[in-house]
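Below: one structure, written as C-alpha cells.
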Amino acid sequence: MTLSIRPATRADLPLIAQFIRDLADYEKLAHEVRFDEATLGEKLFGARPYAEVVIGEIGGAAQGFALFFHNFSTFEGRPGIHLEDLFVRPEARGSGLGKALLAHLAKLCVERGCARLEWSVLDWNAPAIGFYEGLGARMMDEWTVMRVDGDALTELARP
C-alpha cells in the first residue's frame, strides 16, 4: 500500500467537488453545499487562485483531499496555513492517509516560513478531535468563530 500526496489540477475538479459533498454528508451539512462547480474551478485554478488542494492517493487511487489557503498572524508577523477541508473516504480511514495529508501541510508551512497550521473541527466530532490531538494539535477553547454571510453580509456591505 503506497500513500502519496499530489497537488490537484483542474482535471481533478469533479473529484474535489465529490470530496466536498462527501465531507458535507459526513458533517451532516449537505444542505449547506451551494457551490457551482465552474465557479469553484475558477476560484481554485483560475488567474487568481484563492485556495490550494492536494489529493491523497493509496495505490494510485484518490482516497482523500485537503483544501487550504494562507492566512496571516499579526502577532507572529508571518503567514500561516488554514486548512478548510480535510476528508478521507471511510474505507481508507486508518490507513495513515489523514496523517500524511496533515504532515504534507505541516511541511508546506515549514518550507513557506509559516508560523502555524490551523483548522476548525465540529465539537461533536470526537474521532476527529482525538485524531488531531494525537498529532499534537491543541484546542483553542478561548476563541469562538464568528461569521457574516447571506443577507447579513449584503446588508453589512451597504454604505
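Any read-out appearing in this document is the output of simple, stated calculations on the displayed coordinates, not a laboratory observation. Computed from a prediction, not measured in an experiment: that's the story for all the values here. Counting neighbours? That spans all protein chains shown, and the Cβs are built from the backbone with ideal geometry, glycine included.
With r defined as the distance between the Cβ atoms of residue 2 and residue 135 and R0 fixed at 30 Å, what FRET efficiency is calculated, to the nearest 0.05?
E between residue 2 and residue 135, to the nearest 0.05, is 0.90.
Jot down the per residue volume, in cubic angstrom and as a whole number, of the convex hull over the alpha-carbon atoms of the chain.
Measuring per residue, one finds 159 Å³ for the Cα hull of the chain.
Just how large is the dipole of segment 1-155 about the Cα centre, in debye to the nearest 20, putting +1 at every Lys and Arg Cβ and -1 at every Asp and Glu Cβ? It would help to have the intermediate numbers written out before the result.
Working: 16 positive and 23 negative charges, 128 e Å.
Magnitude of the dipole: close to 620 debye.
Report the full-extension gain for the segment residue 107 to residue 10: residue separation times 0.36 nm, less the Cα-Cα distance, to one decimal in nm.
On the way: separation 97, 0.36 × 97 = 34.92 nm, distance 2.33 nm.
Residue separation times 0.36 nm, minus the Cα-Cα distance, leaves 32.6 nm.
What residues have an amide H closer than 5 Å to that of residue 115, excluding those fewer than 5 places away on the same chain, when H is modeled at 1.01 Å from N in the peptide plane?
Residues meeting the criterion, in which the H sits 1.01 Å from N, are 80.
What's the ranking of 86-97, 27-38 by average number of surrounding C-beta atoms within 10 Å, highest first?
86-97, 27-38
How many nm is it between the label spots at residue 154 and residue 128, if each spot is 7 Å from the Cα in line with the beta carbon?
With each label point 7 Å from Cα toward Cβ, the separation is 2.9 nm.
Between residue 21 and residue 115, how many nm apart are label points set 7 Å from Cα along the C-beta direction?
4.0 nm
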